[in-house]
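The values are calculated or read from the model by the stated rules, or taken from the named source; none is laboratory data. From a predicted model like this one, the values you see are computed outputs, not experimental measurements. Methodologically, a virtual Cβ is constructed for each residue, glycine included, from the backbone with ideal geometry; neighbour enumeration extends over all protein chains shown. Note: accessible area is taken over every heavy atom of the protein model, side chains too, but ligands, DNA and RNA are not part of it. Shrake-Rupley method; radii C 1.70, N 1.55, O 1.52, S 1.80 Å.
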Amino acid sequence: MYIIAGLGNPTSKYEHTRHNVGFEVIDRLAEEYHISVDTKKHRALLGKGVIEGQRVILMKPQTFMNLSGESIREVLEYYKTEPDQLIVIYDDISLPLGQIRIRAKGSAGGHNGVKNIILQLATQEFPRVKVGIGEKPPRMDLADYVLSRFDREDREAVDRAEQEAVQAVVKMLEGNLEAAMNAFNGKKGEKNVRVV
């Protein structure tokens with residue numbers, strides 16, 4: 001069984017912000033595979049289902065971003081699941097807008113949600129799907145940037161990236177992480193360059 005965790009912040013205040021693309025990918029997976037993510041347990045919203053023959057639990061931690069690892073650790077312990085059966089989906093400011101990247105493991109790269117997961121699980125070795133939200137503009141506070149919403153043009157690029165992230169997760173569930181990385185890493189988002 002796989003645990004698929006999308007990172008974000010709960011409450012309507014943070015809906016559709018850059019920091020919530022992980023939640024949005026979970027919503028897309030839930031819709032496509034008819035999984036209700038509405039069970040409140042382990043400080044998360046959970047939904048059990050099957051994706052392409054693989055049993056999964058979709059989860060949206062409700063701890064707020066910086067404590068995501070606490071909820072994820074509880075779920076992994078409860079379901080006796082190892083970190084290599086965890087897939088984490090989250091926003092990445094170092095990736096161009098609309099691009100996705102699959103990684104088998106790695107550091108937090110400055111992402112506080114991922115930092116907390118690494119702290120709680122005591123390992124960096126869990127697969128992840130990063131969705132590019134683009135670099136923050138100069139002189140803009142990082143927190144303000146990741147908690148901002150996309151303009152219409154950016155939103156279209158992110159919608160495409162989120163749909164690609166869904167396909168990437170499905171490919172990862174087939175069990176061949178390298179094939180998934182080869183299929184999706186390096187594909188350029190359709191809107192990489194912002195003209196100022």
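Can you tell me which residue is most open to solvent (accessible area, probe 1.4 Å) among those in segment 102-141 that are of a type in the set (A, V, I, L, M) and under 14 Å from the mean Cα position of the chain (by Cα)?
Of all residues in segment 102-141, those of a type in the set (A, V, I, L, M) come to 102, 104, 108, 114, 117-119, 121-122, 129, 131, 133, 140.
The next check asks that each one be under 14 Å from the mean Cα position of the chain (by Cα); those that pass are 102, 104, 108, 114, 117, 129, 131, 133.
On the way: ILE102: 0, ALA104: 39, ALA108: 18, VAL114: 0, ILE117: 0, VAL129: 0, VAL131: 1, ILE133: 1 Å².
Here the answer is ALA104.
If you take just the strands (runs of 3 or more DSSP E) that sit entirely in segment 1-94, which of them hold at least 3 residues that are among the hydrophobic types (A, V, I, L, M, F, W, C) and either in contact (Cβ under 8 Å) with a residue 12 or more places away in the chain or crowded, with 22+ Cβ neighbours inside 10 Å (or both)? First the steps, then the outcome.
On the way: elements: 2-6, 39-41, 44-51, 54-61, 86-92.
The qualifying strands (runs of 3 or more DSSP E) are 2-6, 44-51, 54-61, 86-92.
Test SER148 against the criterion of being in contact with a Lys or Arg (Cβ under 7 Å, 6 or more places away or on another chain) and open to solvent by 10 Å² or more (accessible area, probe 1.4 Å), and give yes or no. Spell out the reasoning first.
On the way: in contact with a Lys or Arg (Cβ under 7 Å, 6 or more places away or on another chain): yes; open to solvent by 10 Å² or more (accessible area, probe 1.4 Å): yes.
Here the answer is yes, as SER148 does meet what is asked.
Go through (1) at pLDDT 95 or above; (2) part of a loop (DSSP other than H, G, I, E, B) and name the single condition VAL131 misses.
The one condition VAL131 does not meet is (2).
Can you confirm whether GLU164 is farther than 23 Å from SER68 by Cα, at pLDDT below 95 and assigned to a helix (DSSP H, G or I)?
Working: farther than 23 Å from SER68 by Cα: yes; at pLDDT below 95: no; assigned to a helix (DSSP H, G or I): yes.
For GLU164, the condition - farther than 23 Å from SER68 by Cα, at pLDDT below 95 and assigned to a helix (DSSP H, G or I) - is not met.
For GLY109, only one of the following conditions fails: (1) at pLDDT 95 or above; (2) of a type outside the set (Phe, Trp, Tyr); (3) out of contact with any Leu (no Cβ under 7 Å at 6 or more places or on another chain); (4) within 27 Å of LEU147 (Cβ to Cβ). What is its number?
That leaves (1) as the condition not met.
Checking the structure you have, find out if any residue of segment 174-196 is at pLDDT 95 or above and either in a loop (DSSP other than H, G, I, E, B) or open to solvent by less than 40 Å² (accessible area, probe 1.4 Å) (or both).
Checking segment 174-196: not a single residue is at pLDDT 95 or above and either in a loop (DSSP other than H, G, I, E, B) or open to solvent by less than 40 Å² (accessible area, probe 1.4 Å) (or both).
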